[in-house]
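None of the figures in this text is laboratory data; all of them are computed from the coordinates on show. Because the structure is predicted, anything quoted here is derived from the model rather than measured.
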Amino acid sequence: MIADPVGRSARAGEIVAAARLLLEREGPEALTMRRLGEELGIRAPSLYKHLASKKAVEVALIEEAFREIGAALHAALQGRDNPVDATRTLLATYRRFSLARPNLYRLATAGRLPRGDLTPGLEEWVGEPFHLVTGEPHLAQALWSFAHGMVILEIDGRYPENSELDQTWETGAAAFAGLVGARR
């Protein structure tokens with residue numbers, strides 16, 4: 001696993017934890033320095049002593065999301081050598097994690113990724129389980145794109161009410177597992 005950044009003060013950690021609670025409870029619109037200061041009982045300018053900007057808070061949250069989902073995905077694949085089983089497990093874990101934290105997930109995956117601000121190697125590590133399952137970078141990106149698209153559409157309530165999403169996920173998993181099996 002990619003280590004947490006060193007040098008973050010305990011107070012900065014408290015600010016990030018409060019930002020995460022605020023994000024998860026009230027959504028991304030509530031994630032302002034003023035609102036964060038209110039949450040912590042301090043004035044917003046005091047936050048800048050510990051984190052340089054709202055963007056720094058968001059990057060810290062993105063890194064938390066990446067570390068957590070990466071750890072969950074890596075753990076889910078332990079001992080799974082069968083491509084069909086591994087694909088299903090990977091997708092089920094990704095879906096479960098993402099739906100449980102929709103606002104954190106959206107922050108980490110929507111818009112342009114601030115790659116230059118992330119801990120080196122973190123993005124590659126969080127995506128590695130997709131490559132481990134598929135064994136091929138383009139198929140790994142396609143599998144992640146399927147999972148991401150399904151999750152966002154599910155979070156946004158874009159599927160008709162009578163959709164059997166478990167079956168849709170299973171169909172996608174079976175299709176990708178077939179591709180993976182054919183290429184190995």
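Quick notes on this one:
- Square roots of 5 times each gyration tensor eigenvalue, C-alpha, the chain, largest first, Å: 34, 19, 12
- Note that region 31-84, at 25 °C in a medium of 0.890 mPa s, gets a Stokes-Einstein diffusion coefficient of 182 µm²/s from its Kirkwood radius over C-alpha pairs.
- Extension gain for GLU38 to ARG112 (0.36 nm times residue separation, less C-alpha to C-alpha distance): 23.8 nm.
- Added length on full extension, which subtracts the Cα-Cα distance from 0.36 nm per residue, SER53 to GLU26: 7.7 nm
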